[in-house]
1. Which numbered condition trips up Glu454, out of (1) away from ligand 2 (no atom under 16 Å from the Cβ); (2) in contact with a strand residue (DSSP E or B) (Cβ under 8 Å, 6 or more places away or on another chain); (3) in a loop (DSSP other than H, G, I, E, B)?
2. Give the range 471-527 a look and list any residue that's among the β-branched types (Val, Ile, Thr) and part of a loop (DSSP other than H, G, I, E, B), or say none.
3. I'd like to know if the range 93-110 contains one or more residues that are aliphatic (A, V, I, L, M), under 30 Å from Lys370 (Cβ atoms) and in contact with a helix residue (DSSP H, G or I) (Cβ under 7 Å, 6 or more places away or on another chain).
4. Collect the residues in the range 617-630 that are free of Cβ contacts under 8 Å to residues at least 60 places away in the same chain and either more than 18 Å from Thr559 (Cβ to Cβ) or open to solvent by less than 30 Å² (accessible area, probe 1.4 Å) (or both), keeping them in residue-number order.
5. Which condition breaks for Val613 when tested against (1) under 30 Å from Phe247 (Cα atoms); (2) among the β-branched types (Val, Ile, Thr); (3) within 16 Å of ligand 2 (Cβ to nearest atom)?
6. Considering each residue of the range 393-420, count those that are closer than 30 Å to Pro690 by Cβ and either in contact (Cβ under 8 Å) with a residue 60 or more places away in the chain or within 16 Å of ligand 1 (Cβ to nearest atom) (or both), and give that number.
7. Residue by residue through the range 411-421, note down the ones that are surrounded by fewer than 17 Cβ atoms within 10 Å (Cβ to Cβ) and either of a type in the set (Asp, Glu) or more than 35 Å from the chain's Cα centre (by Cα) (or both).
8. Just the residues that are closer than 21 Å to Gln578 by Cβ, open to solvent by 20 Å² or more (accessible area, probe 1.4 Å) and of a type outside the set (Phe, Trp, Tyr), please, taken from the range 489-520.
Amino acid sequence: MPVAAGSTSPKLKTANLGFPRMGRQRELKFALEGFWSGKRTEAELLETAKTLRAEHWKLQQAAGIDFIPSNDFSFYDQVLDMLVLLGATPERFGSGFVTPERYFAMARNSKEQTAMEMTKWFDTNYHYLVPEWSAGLGFGVDTTKLLRELREARDLGTETRPVLIGPLTMLQLGKGVDGFDPFQLGDKLISAYKEVLGTLAQQNVTWVQIDEPVLATDLPKHAIDFFRRAYAELAGSPVKLMLTTYFDRLGDNLHAAIEARTAGLHIDLVRAPKQLESVLAALSPEQILSVGCVEGRNIWLTDFSVAESLISQAVETLGAERVIVAPSCSLLHVPHDLKAETKLPKRVKGWLRFAEEKLSELVALASSDKEEASANAAALADRAGAESSTNGSVRAKLTALTESDFTRKSPYSERTTVQRAELGLPLFPTTTIGSFPQTAEVRKHRAAHKNGHESTDAYEAFLREATESCIRKQEEIGLDVLVHGEFERNDMVEYFAAFLEGFTFTENGWVQSYGSRCVKPPVIFGDVSRPEPMTVKWTDYARSLTSRPMKGMLTGPITILQWSFVRNDIPRSQTAWQIGLALREEVTDLEAAGIRIIQVDEPALREGLPLRVVDWEEYLDWAVKAFRLATSAVEDKTQIHTHMCYCEFEDVLPSIAALDADVISMESARSKMELLDAFKAHGYPNEIGPGVFDIHSPRVPSTDEMRGLLGLAMNVLKPEQIWVNPDCGLKTRGWPETVEALTNMCAAAVDARSTFNT
Ligand code: GLN
Ligand code: ZN
């Protein structure tokens, strides 16, 4: 057995579970977008993709990874690819061979068809396309892509372990068309997988990685029954299966996972280190364990001492031959490599590891490399000792917090009386969610200022003009509560992160969000504090331009947390509260500047929910407190708003109520106000603005249509509870449709009011 330099024990095997596919410079993104716009040919797109795959295999091989994935590449999404492979793409797009045209029609909206629905991949910020299961699906297996990647890698001298998403995850994450039960397709699906595995066996493939991340979630009995049935058949296949779970613990699904009798099992020991013991005890004698000990979805260096102790515990029980060292999940969720980062603070850079660097960590761990281990210990010590990691005054403020810091001075029932007198708003007050169209002109000025082509004076003069004209338009439309329009903000998290201590930014730290879209999350590396006001200048300027109430706009602590790479050396809850404290100072300053209404957006509150329901309570408790910390310092007369969108909130309603915001605005136009029934059932006490028009589409809803939705709201809520607003911010819309839609919206509110005039 090969022995690495400086190591004492034989090298364990290493595996990677998936590599970022965009390319170092996001080459795939540009190739895709070029192809969609007609600027690049299909051949050029295919060539770029092939070059990227080759490069990624080569670098994994050079790093010394033993099990290198294939079929982890995708032109858009791995769930869609899996449907193509199984011959189970939605019937409404046609049947038979999937051409590139049809592939992208399923992924992207077109004139003819709305695309497949897209939703978040577990609790990550990656979005997958939701399978549409229906009785007529043909299951004409198409292994072209799978075999192409296998062959391409072989041509380069790399034997890969192809990745498939397993049958349970595919069924569980999909939706049945028109109430169809996806599990009725169980047998057909199992046959299709058998066919795929049979084809791989013919190609002399020895191992397949079969991902079943749903095993880390709570599953209904019929799902587990299907899982047992499916794997009883699949585990007999001539290729060895590495049943791959991640994002949380197996929990009560452990026994089903073991009894599937796959040749190997992969578990996430970063999210769920405690499961190691029970898994080791349960494994059957011949099974191999893949130890996920390098975090696949965050960017920090691994603590080798922690990883080593997990690995040695596994080796002691199973023997070195039965242990594989792996990342916790696919590296899809981290950026490509650190080399291109030239502007990061040097010290912080020393604590970071992107995908390529994580491969090196895996190999160092597997070979117990002493030099690497001591370099790792030194970097960890440097991180722990850095002044920026710990801000004494922030820590002292957090320790000194008492119950009253999380509680408004008076209950809502009293605040509302004071606020009504203070604000003098009509019944059914109208407002917007914050942003107004970010036109090409706005983006042009921002880019010019960023590149140094436009002076700060000139840029700010432009922003003042844009803000003033936005206020005049809102006055003309007749809105009751105005906003400044958010023209100075590029992004609702990055804008705040740039003001806060404890945050830094990468130049190339892109992560795929969906399709060709990538995000570059800010990095929270130290204690968070607010050296100076962040929004007071623009909000106060806007307030000075009008006699109507001006609403201040902030992004909430949980949303800032969720959309950043968060440090892992203190609990997330502590970072959330630090952000809460920083926002509390901002809220206080806005109030002092005479702003009477302050909105703290929390669209990401729900997406932070743990995968296991038993863990929800703990999360919701600290998350709600982070919001309350940010918003509780104000006087009764100051009205706190919050806003949520993107998903269903029914199951966290008690926590939404516990935020104790005076007013909440929520997305609900598309679901025809369905959400209100839950608010009614829960007896939601405060005020609500259920969105009356969908901002995702340029369509302008009529006054009647919005009046109709208001009528539905009036059926379930008290009139004084109801606000009138769109579903979300208007930044992606154009001005003409925005003015028209808001004008109709205000007319709907006026009409609703008239029914109460006696
Ligand atoms: N205030 C933000 C806006 O209007 C809210 C965005 C969001 O909810 N995602 O754009
Ligand atoms: Zn929104």
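1. Going through (1) away from ligand 2 (no atom under 16 Å from the Cβ); (2) in contact with a strand residue (DSSP E or B) (Cβ under 8 Å, 6 or more places away or on another chain); (3) in a loop (DSSP other than H, G, I, E, B) one by one, Glu454 breaks only (2).
2. The answer is Val481, Val483, Val493, Thr506.
3. Within the range 93-110, not a single residue is aliphatic (A, V, I, L, M), under 30 Å from Lys370 (Cβ atoms) and in contact with a helix residue (DSSP H, G or I) (Cβ under 7 Å, 6 or more places away or on another chain).
4. Glu617, Glu618, Tyr619, Leu620, Val624
5. (3)
6. Of the residues in that region, 12 qualify.
7. Across the range 411-421, the qualifying residues are Ser413, Glu414, Thr417, Val418, Arg420, Ala421.
8. The answer is Asp491, Met492, Glu494, Ala498, Glu501.
The values are calculated or read from the model by the stated rules, or taken from the named source; none is laboratory data. Keep in mind that this is a model prediction, so the values were computed, not measured. Positions of Cβ are backbone-derived with ideal geometry, glycine not excepted, and every protein chain shown enters the neighbour counts. Just the protein is used for accessible areas: all its heavy atoms, side chains included, with ligands, DNA and RNA removed. Shrake-Rupley method; radii C 1.70, N 1.55, O 1.52, S 1.80 Å.
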